[in-house]
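This structure is in structure tokens; I'll ask about it shortly.
The values are calculated or read from the model by the stated rules, or taken from the named source; none is laboratory data. Since this is a predicted model, take the numbers as computed values, not measurements. Because the Cβ atoms are built from the backbone with ideal geometry, glycine has one as well, and the counts that use them run over all protein chains shown.
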Amino acid sequence: MIKKLDFMKLNLLKERKKSDSTQSKKKHFKLIALLFFLSALFFVGAQLIPLQTGRPLLKQMITSSRIMARAIAAIRNCQRSQGLRLNKEQDPNLTGLIGQRMSSITTSLGSLEAKRTTTNPNFAALMVFLLKKAGVMKGDTIAVGASSSFPALIVAVLSAAKTMELHPLLISSLGASQWGANCPHFHWLKIEDCLLSQGIFQVKPIAVSLGGEGDCGQDMDPAGRLFLLKEIKKRGYFFLSEPDLRKNVSLRMALYKREAGQSKIKAFINIGGSWANLGLDPSVLKLKPGLIREVSLPPTKKRGVVFEMVAARIPVIHLLFIKGLSQRYGLPWDPVPLPSPGEGRIYQMVKERQPVFLWLACLYLISILVVFSFKKYI
């Protein structure tokens, strides 16, 4: 009889454990189902919240693009007024910013498609976007090292600087690769003269160089070097002619610092592949286009201005490798016709969630905590 009772107790215990296990599984299932329901509910809610444009930044970007469009129109008119014919085959958008295949002031090979891509006025919007991302604010001083290989990018940077009310310190090199500002009748200083006379910009360079190999035009036609030297002398600009990289870079850094005065340089923009700006170390080829804050520094004797600025903890905006730059920031490659100011995926990058999204996220986290706190009652 006792054995029979023990056996019954054992069965009862087994049944109870089985029942508890079933109840536990049901509770877990309910908990998982509830969490899934809450997650799905909040996910749908988040998707329904419309995006709100960062209006002040968007307005500056569009304004900058419009300034660049006006600058291009002024350059086109200047060329025509001087009796210069625009080549529609090479410059289908008639920007006046596309040079020649070869000339006496040409320094190296260049991509026609890349040069045409940079004439898109919305590159000026990209400059505003990158400068803001670098932390540059109204009234700040920026340093610019520009090769005349990309005259449209110089115009884009000056357009952004004018819109943001910045103080740009420009050092430009005058030799240019193919299809850049390499036309002796309309080189960069001529383009600059046009923009100054039309009142588009009021920025003059703090120094100029011949550019090219050794920053002294060693890969340029001797007649081209002599011609540019006369153009520099005519305008009275400070002339950089130091063939030693270390001395050249040090001189440029000193010029930027002197001209900045009490102001701190908040960003450095590199335009093109200047010998002095990029230096001699192969690691420069690994630099991604766009905003750079930290990179591995090459030996001091091989550093260009880009690396010296990074070493000084100054953000660098690197404008080279135009294909990668245009893909990264949603600007079309070699567009015909040119997009109007305000067109392009770059403008979608300034979208941000409305504040209600943050409240929704907080509510979701609180709901999860509440569910876990009271799960024993589920």
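Please pick out the residue among Val295, Val305 that is modelled with pLDDT under 95, of a type in the set (A, V, I, L, M) and farther than 23 Å from Glu113 by Cα.
Going through Val295, Val305 in turn, the sole match is Val295.
Next up: List every residue pair whose Cβ atoms sit under 8 Å apart, with the two residues 6 or more apart in sequence or on different chains, where the first one lies in the range 223-236 and is under 13 Å from Lys204 (Cβ atoms) and in contact (Cβ under 8 Å) with a residue 40 or more places away in the chain and the second, anywhere, is assigned to a helix (DSSP H, G or I) and of a type outside the set (Ser, Thr, Tyr).
What qualifies is Ile232/Leu189; Arg235/Leu189.
Checking the conditions here, which among Leu228, Leu196 is within 24 Å of Gly279 (Cβ to Cβ), in a helix (DSSP H, G or I) and hydrophobic (A, V, I, L, M, F, W, C)?
One residue alone meets the criteria, Leu228.
Looking at Ile265, Ile271, Ile314, Ile292, which one is free of Cβ contacts under 8 Å to residues at least 40 places away in the same chain, β-branched (Val, Ile, Thr) and crowded, with 17+ Cβ neighbours inside 10 Å?
Ile292
Just to be sure I understand, how many residues within the range 78-111 are in contact (Cβ under 8 Å) with a residue 24 or more places away in the chain and either closer than 21 Å to Ser340 by Cα or outside any helix (DSSP H, G or I) (or both)?
23
Can you tell me which residue among Lys132, Lys204, Lys190, Lys138 is charged (D, E, K, R), at pLDDT 95 or above, in the same structural domain as Trp333 (by TED's automatic domain parsing) and under 15 Å from the mean Cα position of the chain (by Cα)?
Selected residue: Lys132, the only one of Lys132, Lys204, Lys190, Lys138 that is charged (D, E, K, R), at pLDDT 95 or above, in the same structural domain as Trp333 (by TED's automatic domain parsing) and under 15 Å from the mean Cα position of the chain (by Cα).
Return yes or no: is Ser172 small (Gly, Ala, Ser), under 24 Å from Phe129 (Cβ atoms) and either in the same structural domain as Thr63 (by TED's automatic domain parsing) or surrounded by 20 or more Cβ atoms within 10 Å (Cβ to Cβ) (or both)?
yes
Count, please, the residues in the range 188-226 that happen to be basic (Lys, Arg), under 23 Å from Ala74 (Cβ atoms) and surrounded by 14 or more Cβ atoms within 10 Å (Cβ to Cβ).
Counting residues in the range 188-226 that are basic (Lys, Arg), under 23 Å from Ala74 (Cβ atoms) and surrounded by 14 or more Cβ atoms within 10 Å (Cβ to Cβ) gives 1.
Exactly one condition in (1) out of contact with any strand residue (DSSP E or B) (no Cβ under 7 Å at 6 or more places or on another chain); (2) in a helix (DSSP H, G or I); (3) farther than 19 Å from Lys115 by Cβ is not met by Ala161; state its number.
The one condition Ala161 does not meet is (1).
Arg116 - would you say it is modelled with pLDDT of 95 or more, in a helix (DSSP H, G or I) and under 13 Å from Pro151 (Cβ atoms)?
yes
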